[in-house]
1. Students often forget the sequence filter, so: which lysines lie under 17 Å Cα-Cα from LYS7 once same-chain residues fewer than 8 apart are removed?
2. How many nm is it between the label spots at ALA93 and ILE19, if each spot is 7 Å from the Cα in line with the beta carbon?
3. About its Cα centre, what dipole magnitude does segment 3-103 give when the only charges are +1 on Lys and Arg Cβ and -1 on Asp and Glu Cβ, stated in debye to the nearest 20?
4. With point charges of +1 on the Cβ of Lys and Arg and -1 on the Cβ of Asp and Glu, referenced to the Cα centre of the chain, which listed residue (ILE86, HIS14, PHE50) lies farthest in the positive direction of the dipole?
5. If you place +1 on the Cβ of every Lys and Arg and -1 on the Cβ of every Asp and Glu, how big does the dipole about the Cα centre of segment 18-70 come out, in debye to the nearest 20?
6. Using 11 Å as the cut-off for backbone N distance, which residues of segment 32-58 belong to the label zone defined by a point 7 Å from the Cα of ASN83 along Cα→Cβ?
7. List every residue whose amide H lies under 5 Å from the amide H of ILE19, counting only residues 5 or more places away in sequence or on a different chain, with H placed 1.01 Å from N in the peptide plane.
8. For segment 3-103, state the average projected area of the convex hull of the C-alpha atoms over all orientations, rounded to one decimal in nm².
Amino acid sequence: MDVKEFKEKLKEYHKEDIIITDHAGIQAMVRQIDEDEVINNLLNPDKLVFVKEQESRDSDLRKYDCYFAYSKLFAHKYIITINRKIIIVTIIAINRDWQKILEGK
């Protein structure tokens, strides 16, 4: 799925459809990332620049790496699963040239 299609898919969800796991919540706190900002990025995915589907152990869930760019040197990476809800599994802040990271994918 390309980024444009994925953005449209995300726009189908509402705030109450997003679940932040305990692990992701702790990561957000440690990395000083506001959970409301993460939710807003998923509901309004204007900053989404890259998405890649991962293999998932559960055939009912789709798992994705999502990169939201703030600048050339700062981005957020969220690993999410989607079924009827969006479950945020991991939240990572990237403080280096994220474009070079993506070139390696």
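Bear in mind these aren't lab numbers, they're just calculated from the coordinates by the rules spelled out. Nothing here was measured: the structure is a model prediction, and the numbers come from that model. Every residue, glycine among them, receives a Cβ derived from its backbone with ideal geometry; neighbour counts consider all protein chains shown.
1. Within the straight-line limit of under 17 Å, LYS7 reaches these lysines: LYS15, LYS47, LYS52, LYS63, LYS77, LYS85.
2. Reported label-point gap for ALA93 and ILE19 is 2.7 nm.
3. 280
4. Ranked along the dipole, the leading option is PHE50.
5. About 180 debye.
6. 58
7. The answer is ILE86, ILE87, ILE88.
8. Spelled out: convex hull of the Cα atoms, projected over all directions, averaged, 6.3 nm².
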